[in-house]
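Written below as structure tokens is the structure these notes are about.
Nothing in this text is a laboratory measurement; each read-out follows from the coordinates by a stated rule. Bear in mind the structure is a predicted one, so any value in this text is a computation, not a measurement. Note that each Cβ is placed from the backbone with ideal geometry, even for glycine, and that neighbours are counted across all protein chains shown.
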Amino acid sequence: MLDDGRLHLQDGPIDLLIEAWGDAASIRLAYMAASDRMLTVLDELCGELLALRAPAAAGRTFTGQVACRMHKAVHPHAKNFITPMAAVAGAVADDVLAAMRAAAPLTRAYVNNGGDIALYLAPGESFRAGLVDRPDQPRLFAKAIIKAGDGVGGIATSGWRGRSFSLGIADAVTVLAASAASADAAATMIANAADLPGHEAVTRLPATQLDPASDLGPRLVTRGEGRLTTQEITAALEAGARQARRLIAAGLIKSAALHVQGQSCVVPYQDEMLMAEIQYA
Amino acid sequence: MTEVTANDTLSTDGRIRCDACPVMCYIKPGLSGACDRYANEDGVLIRVDPHVILNRPGTQEVVRFLENGADWDGNILAPAPVVTAIGAGTTYPDYKPAPFIVSSKIQGVDMVTVVTEGIFSYCGAKIKIDTDRHLGLERSIVRAAGEPVGHVMTSEYGSQMLSLGGVHHLTGSGKKQGRVTCETLLSLCNGGAVELTIDDGARVVVQANAAPIINGEPEQRMRVGCGSATIGMFAKQWHGHVDDVVVVDDHITGVLSEHQAGKLLGMAETGIRIQGRRSTPGRYFEVADPGTGWGGTDISDPLSILGAFDKKHARPGIRFLMVSTTGEHAAYYELDDSLRPREKAMPDQLAASVALIAENCEPALCSVLFMAGAGGSLRSGVTTNPVRLTKSVREALTKVTCGGAPVYLWPGGGITFMVDVSLLPKNAFGYVPTPALVAPVEFSLRLNDYERLGGHVAELRSMASILSQP
């Protein structure tokens, strides 16, 4: 427990900051449920780690709850390269949040797994979430106001500066979706799409050279970027935005905010409701 | 950052398999695992946590990983935390209670840990350097950046000892010397490498748990023993394959045919003559000057320690091996018709014995012990009656640790302790411009003993409140 009433749980690479609202007894029950759930999550995942690191394919079955959530989240993207690992952080957050909600009635709750957040809002409640464009230099560039009934149960951010590798050049792509796992998978795909293939200012290395066990295999991941021109940045943003619009049209995400070298782009930008959701600070 | 005690296995290309969690990442040098918490720094698994709790001045918690071989009970929530003084701050000159006086229950007994960072002017480092190379004469001045920071002590078996720091270098000999001494100690205690030069001696790079680098050459191995001991250990393996063996050593050079071991094996005299001071049969002192050549001497040609062969016993065709005490240097000779040694290709049997000497040498390392006295004003941060703390430490009622690491307490007065700096988390030491070193120190004792020695009981805080402090 942290002093401000948040719960901090950590096991291996999983690092959760959890907060719940409700009556005191419910919060206590929810926190106990969260730590109980955490006891076995990592072991369950590691039991199926090899299959989870393989490219997503239809018909594959998984045993663990979290693994099933991962598979379900990446499956719609399977015609491009993706592995269930793209949704691991979000899926863990979703699973812990589900355990908390099953344990006690709550008015609001979130499980933040290193920036990938599962959230719950009872009718009438809302959340203000801060958005950061450079995970290595945390500063809020915008706030998203999420209301119950918006259909948003997850927020996830992906980008080459973050903890996981990215095939694209976006500093960060933040996605709002129905679950954290879906948002996580979609953010990965949009960040991969926001790219300038073969550009000489971008330093790329095979993923396995950095992490021999990476699910990305020998694919080139972004490790550094020189200055890009405004036109180049716009082109990369537009490539990512096209992917985001496809995912919105397919009903997989609600909205996305993309950032490349200080320039940003929010989709869908025509939509008034979502413009209101993501306000620049 | 914290050095991790979790088991890690090092593979040939420098990758570490981290077993801190079931993900079991392979981590390449210079990179971190999936968690971004454990990283591979030059083949060592370290914690690089920008740890919310660990790095925040005020509340420092180091959770030991499966200490004493205990099994993990599966509890993710704070498994038996150890509160250390690292980053606790200090209240020098200690008229106020120490920053953290923590109470916690251990096996039903109320325990108190008084956590403070001590400012030590009376402190230094004792350095053990595993090498037989000559670093400098006893009492020679040891310098860092040209400033005297300590002196050469004794040679121990296979090692050379230095004493660095101490109050005279820190505060007694001018500002510059004090500053350089403080920097040198701080760097060594925090696991850094320091280049030292010894007056009329060697230049040596010292780093805790790393091989010393002497005059630019990394030391590989400790000697297997002195020259005489080496003869004793390997005599049987040489017998029958060679007529004589000389083990070159700066301390005692051994000669197989004259040595007790050779006599017992019935080896004949070879007429070999060693230029040195004979101690007992087959054992010679001072065959050459100390240096960084063969066996810690200054020679590069081993024949330079031999005199002319005694014609009474020598004959053409006599075969002999010359080898250093680490197996690092070796050469094989046969006497020609004029009884002069001619170097020949080494027979396999002898090469194997040289390899065996090398194999029996342990890797050469530097070790750094931080030594300081906590018997001064620091005690009043712990208790209103300082001498009672000293007494309770003496009576083993109070346990002293340094950054959570066990210490050796010197007998006699005061609370003078030594600690192996490699057992502390990295960067556990700090400094003040006095100049003096800041080191963590914890006193743990039972609550009732603490009350009895006049402890600051009113300042007690629960472990839970320390852990939850932002």
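Work out the length of the dipole vector of region B:227-359 about its Cα centre, built from +1 on the beta-carbon of each Lys and Arg and -1 on the beta-carbon of each Asp and Glu, and round it to the nearest 20 debye. Intermediate results must be reported in sequence, preceding the final value.
Details: 13 positive and 18 negative charges, 109 e Å.
Value, rounded to 20: 520 debye.
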Whole-Å distance linking the alpha carbon centroid of region B:284-363 with that of region A:145-215 is 66
Toy charge model, Lys and Arg Cβ at +1, Asp and Glu Cβ at -1: region A:199-247 dipole around Cα centroid in debye, rounded to 20, equals 180
A chain fully extended from A:T230 to A:R245 at 0.36 nm per residue, minus the present Cα-Cα distance, gains in nm 3.2 nm
Largest fluctuation, A:A78, A:A89, A:A20 only, Gaussian network model of chain A with Cα springs under 10 angstrom, belongs to A:A78
Any residue on another chain or 5+ positions along whose placed amide H is under 5 Å from the amide H of B:A210 is listed here as B:C366
Straight-line reach check, B:K175, cutoff 25 Å on alpha carbons, 8 or more apart in-chain or any other chain, hits among lysines -> B:K126
Calculated from DSSP helices alone, with each H run of at least 4 adding -39500 (n - 2.57) and the total divided by the residues of chain A, [θ]222 nm to the nearest 500 comes to -11000 deg cm²/dmol
For B:K236, the lysines lying under 23 Å Cα to Cα, once residues fewer than eight places off in the same chain are dropped, come out as B:K263, B:K344
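Please get the size of the charge dipole for region A:7-280, origin at its Cα centre, with Cβ charges of +1 on Lys and Arg and -1 on Asp and Glu, quoted in debye to the nearest 20. Numbers along the way, then the final one.
Values: 24 positive and 27 negative charges, 71 e Å.
It comes to approximately 340 debye.
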In order over region B:290-306: 3J(HN,Hα) from phi, Karplus 6.51/-1.76/1.60, θ = phi - 60°, whole Hz, x for each Gly or Pro, gives x, x, 10, x, 4, x, x, 9, 9, 8, 10, 10, x, 5, 5, 9, 9
Which of A:E232, A:E200, A:E19 fluctuates most in a GNM of chain A (C-alpha springs under 10 Å)? That residue is A:E200
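Would you list B:W410, B:W238 from fewest to most Cβ contacts within 10 Å?
By the 10 Å Cβ count, ascending, the order reads B:W410, B:W238.
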Listed residues A:H77, A:H259, A:H199; largest mean-square fluctuation, Gaussian network over chain A with Cα springs below 10 Å, found at A:H199
If B:Y408, B:Y332, B:Y38 are placed from fewest to most neighbouring beta carbons inside 10 Å, the sequence is B:Y408, B:Y332, B:Y38
The exposure ranking of B:Y431, A:Y31, B:Y284, fewest beta-carbon neighbours within 10 Å first, is B:Y431, A:Y31, B:Y284
Summing +1 per Lys or Arg and -1 per Asp or Glu among the other residues with Cβ less than 15 Å from B:T280's Cβ gives +1
At R0 = 41 Å the Cβ-Cβ FRET efficiency linking B:N385 and B:D13, nearest 0.05, sits at 0.10
Of every Cα-Cα pair in region B:150-286, the percentage lying beyond 26 Å is 44
Taking Lys and Arg as +1 and Asp and Glu as -1, residues besides B:F417 with C-beta under 14 Å from its C-beta add up to +2
Rg/Rh over Cα atoms for region A:7-280, Kirkwood Rh, comes to 0.96
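Compute the FRET efficiency between B:R315 and B:I141 as 1/(1 + (r/R0)^6), taking r as their Cβ-Cβ distance and R0 = 51 Å, and round to the nearest 0.05.
Values: r = 52 Å, r/R0 = 1.01.
With a Förster radius of 51 Å, E is 0.50.
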Length gained if B:R277 through B:R179 is fully extended, taking 0.36 nm per residue and subtracting the Cα-Cα distance, is 30.8 nm
So the number of lysine pairs in region A:7-280 with alpha-carbon atoms under 24 angstrom apart, 8 or more residues apart or on different chains, is 4
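Please give the FRET efficiency for A:R53 paired with A:R101, using the beta carbon to beta carbon distance and R0 = 30 Å, rounded to the nearest 0.05. Write down the numbers at each step before the final one.
On the way: r = 29 Å, r/R0 = 0.98.
With a Förster radius of 30 Å, E is 0.55.
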Expected vector for region B:189-194, Karplus 3J(HN,Hα) from phi with 6.51, -1.76, 1.60 and θ = phi - 60°, integer Hz, x for Gly and Pro, equals 5, 8, x, x, 9, 9
Ratio for region B:290-354, C-alpha Rg to 2.2 N^0.38 Å, reads 1.18
Under 5 Å from the placed amide H of A:R223, counting only residues 5+ away or on other chains, we find A:T203, A:R204, A:L205
The answer for B:V149, listing residues at least 5 apart or on another chain whose modeled amide H is closer than 5 Å to its amide H, is B:V142, B:R143, B:A144
Once phi for every residue in region A:110-118 is put through the Karplus expression 6.51 cos²θ - 1.76 cosθ + 1.60 (θ = phi - 60°), the whole-Hz ³J(HN,Hα) values, with Gly and Pro written as x, are 9, 10, 9, 9, x, x, 9, 10, 9
